[in-house]
1. For the chain, what is the calculated [θ] at 222 nm in deg cm²/dmol (nearest 500), taking -39500 (n - 2.57) for each run of four or more DSSP H residues and dividing by its residue count?
2. Roughly what angle does helix 104-113 make with the longest principal axis of the chain, taking Cα atoms, 0 to 90 degrees, to the nearest 10?
3. With an 8 Å Cα cut-off and a minimum separation of 6 or more residues, compute the relative contact order for the range 2-200 in percent.
4. Antiparallel DSSP bridges in the chain: what percent, to the nearest 5?
5. Between the range 149-176 and the range 1-19, what's the alpha-carbon centroid distance in Å?
6. Helix 171-185 versus the longest principal axis of the chain: what is the Cα-based angle in degrees, 0 to 90, to the nearest 10?
7. Please give the FRET efficiency for residue 175 paired with residue 69, using the beta carbon to beta carbon distance and R0 = 45 Å, rounded to the nearest 0.05.
8. Taking the structure as given and computing volume of the Cα convex hull per residue in Å³, which label from (1) 105; (2) 131; (3) 123 fits?
């Protein structure tokens, strides 16, 4: 498990399938998570997908827990895309609507950046979102991601053709601003605790 600020990330287990089944059967969640609002799946489909997921060592799916309430609130993912430059595609959604508009999307993205850049030494992160999902764009841009590509009119959402937008962030862009992001999204006490955790592991204090 991995903790930062108000969040804990833990591996997705078979017993968590009921959460995904509940969250991804909602139109508003799937619209903001994937941009394809009618991609609903049965529990049987989710179980088959989970079996395939166990075989795919390049992809990790994590349950995000809100520590204040000790409640599972969403999913974060990353996938090693195997390029010459070590790159991961990242994504997340908050399935519990009660926890929307609390800044947690930025904290989840910060957690992914910390795990992948600072702990796993990735060189580049990428994320995709539809052109009609400005909320996702704001979260990514707040964490330093740049709009780097656009597949024009390659999607179809709610009666209209939309673009797919690709955002990316380089390790060399994130690391110099790392302390700034940590101070922006963690409270003083959370930051102190987080940095102390690194020290106990023998990791040099950033």
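1. Numbers: 7 runs with 75 residues, N = 206.
Value at 222 nm, helices only: -11000 deg cm²/dmol.
2. Tilt of helix 104-113: around 70 degrees.
3. Numbers: 294 pairs, mean separation 36.2, N = 199.
Taking the mean separation of contacting Cα pairs over the length of the range 2-200, I get 18 percent.
4. Details: 38 of 41 bridges.
Of all bridge pairs located within the chain, approximately 95 percent are antiparallel.
5. The distance from the Cα centre of the range 149-176 to that of the range 1-19 comes to 26 Å.
6. 80 degrees
7. It comes out at approximately 0.90.
8. After the calculation, the listed value that fits is (2).
Rule-based calculations on the coordinates, nothing more; no lab input. Remember, predicted model here, so these are calculated numbers, not experimental data. Reconstructed Cβ throughout: ideal geometry from the backbone, glycine too, with neighbour counts over all protein chains shown.
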